[in-house]
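Report on one structure; see the data block that follows.
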Amino acid sequence: MGIGDQRNDAHLTVTDVATVTAFYAAVFEAVRVQRECLLDGRLLHAELVVDGPG
């Protein structure tokens, strides 16, 4: 990140990442930009982008 970048990071800990990311996509039009899965296919970590107004 460089000078002038406006980025706010929020970190949440949840038990069901897939359900939470689906909720944010539906309600806030969030876009998943990164994810990490366990070997059994469960989602372990996700990074979402939620654009603000404008």
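The values are calculated or read from the model by the stated rules, or taken from the named source; none is laboratory data. Just so it is clear, the structure is predicted and the values come from calculations on it, not from any experiment. Cβ coordinates were reconstructed from backbone atoms using ideal geometry, including for glycine residues, and neighbour counts include every protein chain displayed. Accessible surface is based on the protein model in full, side chains and every heavy atom, while ligands, DNA and RNA are left aside. Shrake-Rupley method; radii C 1.70, N 1.55, O 1.52, S 1.80 Å.
In square angstrom, rounded to the nearest 10, how much accessible surface does Asp40 have for a 1.4 Å probe?
The accessible area of Asp40 comes to roughly 100 Å².
Could you pull out every residue, at least 5 positions away or on a different chain, whose amide H is within less than 5 Å of the one on Ala30? Hs are placed 1.01 Å off N in the peptide plane, and Pro or chain starts have none.
Long-range HN contacts for Ala30: Ala25.
For Val50 and Val14, calculate 0.36 nm times their separation in residues minus their Cα-Cα distance, and state this gained length in nm to one decimal. Spell out each step's value before the answer.
Values: separation 36, 0.36 × 36 = 12.96 nm, distance 1.79 nm.
Full extension from Val50 to Val14 adds 11.2 nm.
Loop only by DSSP, 12 or fewer other Cβ within 10 Å of the Cβ. Give me the trypsin sites (Lys or Arg not before Pro) in region 15-47 that pass, ordered by residue number.
Arg42
Of all the C-alpha pairs in region 9-54, what % are more than 12 Å from each other?
63
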